[in-house]
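Throughout, read-outs are computed from the coordinates displayed, never taken from laboratory work. Since we're looking at a predicted model, the values are computed, not measured. In this analysis, Cβ positions are derived from the backbone assuming ideal geometry, glycine residues included, and neighbour counts consider all displayed protein chains.
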Amino acid sequence: AQSVSQHNHHVILSEAASLELGCNYSYGGTVNLFWYVQYPGQHLQLLLKYFSGDPLVKGIKGFEAEFIKSKFSFNLRKPSVQWSDTAEYFCAGWDTGRRALTFGSGTRLQVQP
Amino acid sequence: SQTIHQWPATLVQPVGSPLSLECTVEGTSNPNLYWYRQAAGRGLQLLFYSVGIGQISSEVPQNLSASRPQDRQFILSSKKLLLSDSGFYLCAWTTGGSNTIYFGEGSWLTVV
């Protein structure tokens, strides 16, 4: 079965700290992975996506993610977080059978000024 | 450009009452449409998806249903709401050849 898991449910950081949010997937076949962000009171937005090629993917707002096939991971990183990064972050994988996204449970990031 | 709208944004409904959430997409044709639910403390769960008019695939058996009466309209319904139906409902779309999904603003449902 295809699944995506996020192990960090709630992360609290101070401004300027480095961020890494874990995401692991269980997939067969072609792997398409995504990170979405949901800021308070706003709708889900796409941060970045990986389809193929360079395993280091750069997204908006200084975020990046690295696809490591041997570890079945697609962790999200940012070298220095800001208070405005406070949000909920979702990792997702494309399910080719259903033509839909399968989401992880989400990680709530709280950045303290 | 393509846009997606869903309504109402919030609603409070008593147990046993009906539900209708609507979603429309503009600026594209023949989109794949989705309903997701985000329950408190849980991730996003796929409820229904549709690849065309009248074609609905259900992921959860419960007391919810979906319909697609027009190409760019997707409706989520229930005849009798349960307390466990409370949550944040998201409509989403993608084009047939893409696997990047775009989400609507969401609808907060509280069943009391």
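Listed by chain and number, the aspartates and glutamates placed with their C-alpha closer than 20 angstrom to that of A:Lys71 are A:Glu20, A:Asp54, A:Asp95; residues fewer than eight positions away on the same chain are left out.
Over chain B, what per residue volume does the convex hull of the Cα atoms give, in whole Å³?
That works out to 94 Å³ per residue.
The Cα center of the range B:83-106 and the Cα center of the range B:13-30 differ in position by 11 Å. Counting every alpha-carbon pair across chain A, the share separated by more than 16 Å comes to 56%. Taking 0.36 nm per residue of separation and subtracting the current Cα-Cα distance, fully stretching the chain between A:Ala16 and A:Lys71 would add 17.0 nm. For labels at B:Ser1 and B:Ala39 in the simple 7 Å Cα→Cβ model, what's the distance in nm? So the two model labels end up 3.6 nm from each other.
The simple spin-label model puts a point 7 Å past each Cα toward its Cβ; for B:Thr10 and B:Ser77 those points are separated by 2.7 nm.
Remind me, relative contact order of the range B:18-112 in percent, using alpha carbon pairs under 8 angstrom and six or more residues apart?
Result for the range B:18-112 is 32 percent.
Applying the Kirkwood pairwise sum to the alpha-carbon positions of the protein assembly as shown produces a hydrodynamic radius of 18.1 angstrom.
Please report the net charge: other residues with Cβ closer than 12 Å to the Cβ of B:Trp93, K and R +1, D and E -1.
With Lys, Arg at +1 and Asp, Glu at -1, the net is +1.
Other protein chain C-beta atoms within 10 Å of residue C-beta, averaged over B:98-108: 5. Cross-link reach is defined here as a Cα-Cα straight distance under 26 Å, omitting same-chain residues fewer than 8 places apart; for A:Lys69 the lysines meeting it are A:Lys49, A:Lys58, A:Lys61, A:Lys78. Computed from backbone phi, the HN-Hα couplings of the range B:77-90 come to 9, 8, 7, 9, 6, 10, 4, 6, 7, 4, x, 10, 9, 10 Hz, rounded to whole numbers (Karplus: 6.51 cos²θ - 1.76 cosθ + 1.60, θ = phi - 60°; Gly and Pro given as x). Between the amide H of B:Leu81 and those of B:Gly16, B:Ser17, distances stay under 5 Å, these residues lying 5 or more places away or on another chain, with hydrogens modeled in the peptide plane.
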